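Undergrad: Sharing a structure, written as structure tokens. Questions coming.
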Amino acid sequence: MRIDFSRYITAFENLPQGVIWAEVNADLRDEVTLHVKNGEQTGCECLERMAIYLRASDGTKIGTVYTEQLDDDPEKMMKIAVQNAKFMDAVSTDQPNQSGNIQLGVVEDEADTPEMLNFARAVEAAVKELSATADIKHLTIRRTVMVRRITNSFGLDNYQEHQFYLAELSTERGSSEESPLVKRSATKLADIDVKELAAQAVHKGGRAEPDAELKPVALSSGKYDCVFSSEVTRQIFVTAWQEFVGGYMAGNKAIFNPEPGTHIGSPCFSVVDTPRLDGWGYCLALDSEGTECKTKDLVRGGKLATPMYSLTTAAAAGVKSTGNAGRVALLTGTTPVNIVTIPSILYIEPGEATEAELVQKMGSGILLTYSLDEFHSITISSGEFSIPCGGIVYENGKPVGTVEQITMAGNLRELFDNIQAVGCDLEVDEFEYKNYCFGGPSLLVTSISISSAG
């Protein structure tokens, strides 16, 4: 094991006075990122970081202490945590997992830098083969090893180790602005399809720089049928996933009732949370409380199946934890020590239609190719959103012009209800802190309120 908790296991056998129980959770991330241009390595970033969180209870409240040093004295850490507990506002009856011994994955083979560089060269060659005019704006290859271990004084000792590779690629054709990044991930570098990665990047680079015949058009404010590209869908769900957090739902901090069967959206709208997904290298099978996360429907056919729960929020709801405990939900400038509810790999289940087929089904409306301000454009407690965006205007299935600096606004209830069809082009992305992922395909949505700066 890469994380040695032997000192903690020994210390937990004889807890200091005033400590009723204690638990330690360590997360290790080791990664190498290679930047490549014209077949040459232009940069290499290496990171190795250990984050250790120790929780301890005095029987009334729970305190937490954070360190990055595995050799810190466990007894001293427990005493500090209990001292910190005195400053907590609320009495807590939270209990950690009582027992368990889960061992998930061990990394054995790691591609070295020359292999990663050769992979990047193959990507560049595939782009040139597809398009003589497409220039690569961004190409990185990253290898990440993640390790998590949770041990407590009740005898729990759970461990997970996994490795994955992530390739990021974007291209352009004469534009000063970078086209959307295409990301592909796998547990083995050889499992990333080089030609498919290149094809998607060339396609999106071309869409970002449409035909010269397409000129900007004036657009009156009003209701429009829209096709959301997979990028736009993901930008919405980087925030909107919070609507399915059990604690928020129960506390009226989200827009839906937490009871299974609650109406969420149209019959073609289904949302899944899973620890692993075919075609994506992440494996997030162990949460920050040591609960194993399993694949589950959050929404099935427009009806709520189950919210996401941690141990504490599940106990309050009278159900079992869904394995969705974490410590970082959104962007923060502080060290996150408290347990919160987060996804593992959350995505909208794809359908069968291509984006082009959704556009044809729409007929007249807007293909929204990009959106902005993903972290501040949705209010979770009300479901209201106001999102800057842009795209291509269609009339009778034919593109007639482009629109920039428009805003779509409304409520997530209506948006989910108005989903008419779901695309087959599921794309997944990682949250900035790499502790969960989110994904979505293109969507055909009717009656979206659009306002134009013009």
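Undergrad: Taking region 377-409 only, how many residues are assigned to a loop (DSSP other than H, G, I, E, B) and within 21 Å of the chain's Cα centre (by Cα)?
TA: Looking only at that region, the number is 5.
Undergrad: Right, another one. Going through Asn101, Asn118, Asn158 one at a time, which residue ends up being in a loop (DSSP other than H, G, I, E, B) and modelled with pLDDT of 90 or more?
TA: Asn101
Undergrad: Please find, among Val232, Val238, the residue that is assigned by TED's automatic domain parsing to the domain that holds Asp373, assigned to a helix (DSSP H, G or I) and in contact with a Cys (Cβ under 8 Å, 6 or more places away or on another chain).
TA: Within the list Val232, Val238, the selection yields Val232.
Undergrad: Only residues that are hydrophobic (A, V, I, L, M, F, W, C), touching a residue at least 60 places away in the same chain (Cβ under 8 Å) and either surrounded by fewer than 17 Cβ atoms within 10 Å (Cβ to Cβ) or touching a His at 6+ places or on another chain (Cβ under 7 Å) (or both): list them for region 30-50, please.
TA: Result: Cys44, single match.
Undergrad: Check Glu432, Glu374, Glu414 and return the single one that is among the acidic types (Asp, Glu) and over 17 Å from the mean Cα position of the chain (by Cα).
TA: Answer to the check: Glu414.
Undergrad: A further question on this structure: Which count do you get for residues in region 121-154 that are farther than 15 Å from Cys44 by Cα, in contact with a Ser or Thr (Cβ under 8 Å, 6 or more places away or on another chain), modelled with pLDDT of 95 or more and surrounded by fewer than 22 Cβ atoms within 10 Å (Cβ to Cβ)?
TA: Residues meeting the conditions: 1.
Undergrad: Here's something else I'd like to know. Among the residues that make up region 30-49, is at least one of them under 30 Å from Ser92 (Cβ atoms) and within 22 Å of the chain's Cα centre (by Cα)?
TA: yes
Undergrad: Quick check on region 354-363. Is at least one of its residues in a strand (DSSP E or B) and either of a type in the set (Gly, Ala, Ser) or in the same structural domain as Phe237 (by TED's automatic domain parsing) (or both)?
TA: no
Let's see how each residue does on (1) in a loop (DSSP other than H, G, I, E, B); (2) closer than 22 Å to Ala240 by Cβ:
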position	(1), (2)
Gly281	no, no
Gly290	yes, no
Lys294	yes, no
Val299	no, yes
Thr313	no, yes
Ala316	no, no
Ser321	yes, no
Gly333	yes, no
Pro336	yes, yes
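Undergrad: Moving on to the next point. Being acidic (Asp, Glu) and either over 30 Å from Gly281 (Cβ atoms) or in contact with a Ser or Thr (Cβ under 8 Å, 6 or more places away or on another chain) (or both) is the filter here, so list the residues in region 392-429 that pass it.
TA: If the condition is that a residue be acidic (Asp, Glu) and either over 30 Å from Gly281 (Cβ atoms) or in contact with a Ser or Thr (Cβ under 8 Å, 6 or more places away or on another chain) (or both), then Glu395, Glu404, Glu414, Asp417, Asp425, Glu427 are the ones that fit.
Undergrad: Out of curiosity, is Glu259 in the same structural domain as Glu427 (by TED's automatic domain parsing), crowded, with 24+ Cβ neighbours inside 10 Å, within 30 Å of Val422 (Cα to Cα) and acidic (Asp, Glu)?
TA: In short, no.
Undergrad: How many residues are among the acidic types (Asp, Glu), touching a Phe, Trp or Tyr at 6+ places or on another chain (Cβ under 9 Å) and more than 27 Å from His203 (Cα to Cα) if we restrict to region 221-260?
TA: Final tally of qualifying residues: 1.
Undergrad: Which of the residues that make up region 294-312 are of a type outside the set (S, T, N, Q) and within 24 Å of Ser92 (Cα to Cα)?
TA: Pro307, Met308, Tyr309, Leu311, listed by residue number.
Undergrad: Okay, next question. Among the residues of region 233-243, are any in contact with a Gly (Cβ under 8 Å, 6 or more places away or on another chain), surrounded by fewer than 21 Cβ atoms within 10 Å (Cβ to Cβ) and at pLDDT 95 or above?
TA: Looking through region 233-243, none of the residues is in contact with a Gly (Cβ under 8 Å, 6 or more places away or on another chain), surrounded by fewer than 21 Cβ atoms within 10 Å (Cβ to Cβ) and at pLDDT 95 or above.
Undergrad: Under 6 Å between Cβ atoms, at least 6 apart or on separate chains: pull out the pairs that start in region 274-292 with a residue that is of a type in the set (S, T, N, Q) and end on any residue that is not in a loop (DSSP other than H, G, I, E, B).
TA: Taking only residues 6 or more apart or on different chains, the pairs are Thr274/Ile345; Ser288/Asn25; Ser288/Ala325; Ser288/Gly326.
Undergrad: Ile264 - would you say it is over 19 Å from the mean Cα position of the chain (by Cα), surrounded by 17 or more Cβ atoms within 10 Å (Cβ to Cβ) and not charged (D, E, K, R)?
TA: yes
Undergrad: Based on what the data block shows, is Ser447 in contact with a Ser or Thr (Cβ under 7 Å, 6 or more places away or on another chain) and modelled with pLDDT of 95 or more?
TA: no
Undergrad: Still on this model: Could you tell me which numbered condition Ala56 fails, if it satisfies all but one of (1) in contact (Cβ under 8 Å) with a residue 24 or more places away in the chain; (2) surrounded by fewer than 18 Cβ atoms within 10 Å (Cβ to Cβ); (3) farther than 30 Å from Val194 by Cβ; (4) not hydroxyl-bearing (Ser, Thr, Tyr)?
TA: (2)
Undergrad: Further question: What are the pairs with Cβ atoms under 7 angstrom where one residue, in region 73-94, is closer than 24 Å to Ala315 by Cα and of a type in the set (A, V, I, L, M, F, W, C) and the other, located anywhere, is at pLDDT 80 or above and in a loop (DSSP other than H, G, I, E, B)? Sequence gap at least six, or different chains.
TA: Every condition considered, the pairs that remain are Val82/Gly18; Val82/Val19; Val82/Asp58; Ala85/Asp58; Ala85/Lys61; Met88/Lys61; Val91/Thr60; Val91/Lys61.
The values are calculated or read from the model by the stated rules, or taken from the named source; none is laboratory data. Worth saying up front: this structure is predicted, and the values here are computed from it rather than measured. No Cβ is skipped: glycine too gets one built from the backbone with ideal geometry, and neighbour counts run over all protein chains shown.
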